[in-house]
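Undergrad: Quick one: the structure is below, questions incoming.
The values are calculated or read from the model by the stated rules, or taken from the named source; none is laboratory data. Just so it is clear, the structure is predicted and the values come from calculations on it, not from any experiment. Here the Cβ positions follow ideal geometry from the backbone for every residue, glycine too, while neighbour counts run over all protein chains shown. Quick note on the areas: whole protein, heavy atoms, side chains included, nothing else; ligands and nucleic acids left out. Shrake-Rupley method; radii C 1.70, N 1.55, O 1.52, S 1.80 Å.
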Amino acid sequence: MYSTLFKPVIDFLAAFFGLLLLSPLFVFITLGLFIANQGKPFFIQPRPGKNGVIFNIVKFKTMNDKKDSEGKLLSDAERLTPIGSFVRKTSLDEIPQLLNVLKGDMSLIGPRPLLTHYLHLYSEFQNRRHEVKPGITGWAQVNGRNAISWDKKFEYDVWYVDHLSFGLDVKILFKTIQKVIKKEGINAADAATIEPFDGN
């Protein structure tokens, strides 16, 4: 009953009041990234949601679109702007996803929505992460985030699906706050972002 009735209501109310509370910060970051990214403060990308249904996720754009002499995008580390680095390290880049929660595409807590081109790489076990709505934060995020292996990440995601409850969501929420304050697990070791998933 919690996952089908109470969780959606809690998500909507929390996202609504969260956006109201954070609106000054939202505007400030938008203006800063608008300047840093040549008029592109937001990053919008299709992601798989519950049951694999595709939706457009909205985040603050932390990397610019600079390319090399051959027209190829520079590495993530080279494109990460100073304000983008700050926004990412403080997890403020996730704020726009409250809009996705309001629309019903996402939940506050659940497995993080990954890239659509990973879909065909998942095993039956890994694909179970799509049995619930994706979240802004989740069990994998509070247990290592980008600093853990893909296998461990999927293991945590499916564990959450099997143990979803109000108590677990509250626990994840408080652990997320602790992680954000300590800035733990933002990046994989020696990388600006986590390594791509290759199915292995």
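Undergrad: Which of the residues that make up region 153-177 are in contact (Cβ under 8 Å) with a residue 12 or more places away in the chain, open to solvent by 50 Å² or more (accessible area, probe 1.4 Å) and within 17 Å of the chain's Cα centre (by Cα)?
TA: Leu173, Lys175
Undergrad: For region 25-41: of the residues being closer than 17 Å to Glu94 by Cβ and without any contact (Cβ under 8 Å) to a residue 40 or more places away in the chain, which is most open to solvent (accessible area, probe 1.4 Å)?
TA: Phe28
Undergrad: Give Ile54, Ile109, Ile10 a once-over and let me know the one that is open to solvent by 60 Å² or more (accessible area, probe 1.4 Å), in contact with a strand residue (DSSP E or B) (Cβ under 6 Å, 6 or more places away or on another chain) and in contact (Cβ under 8 Å) with a residue 40 or more places away in the chain.
TA: Details: Ile109 fails: open to solvent by 60 Å² or more (accessible area, probe 1.4 Å); Ile10 fails: in contact with a strand residue (DSSP E or B) (Cβ under 6 Å, 6 or more places away or on another chain).
Checking each option against the conditions leaves just Ile54.
Undergrad: Still on this structure, please answer the following. Name every residue in region 39-98 that is of a type in the set (A, V, I, L, M) and either outside any loop (DSSP other than H, G, I, E, B) or on the phi > 0 side of the Ramachandran plot (or both), in order of residue number.
TA: Across region 39-98, the qualifying residues are Ile44, Ile54, Ile57, Val58, Met63, Leu73, Ala77, Leu80, Ile83, Val87, Leu92, Leu98.
Undergrad: Tell me the residue from Ser107, Ser149 that is modelled with pLDDT of 95 or more and among the polar types (S, T, N, Q), please.
TA: Numbers: Ser149 fails: modelled with pLDDT of 95 or more.
From the options Ser107, Ser149, the qualifying one is Ser107.
Undergrad: For region 57-80, which positions are of a type outside the set (A, V, I, L, M) and either in contact (Cβ under 8 Å) with a residue 60 or more places away in the chain or open to solvent by 40 Å² or more (accessible area, probe 1.4 Å) (or both)?
TA: Within region 57-80, the subset of a type outside the set (A, V, I, L, M) is 59-62, 64-72, 75-76, 78-79.
The answer is Asp65, Lys66, Lys67, Asp68, Ser69, Glu70, Gly71, Lys72, Ser75, Asp76, Glu78.
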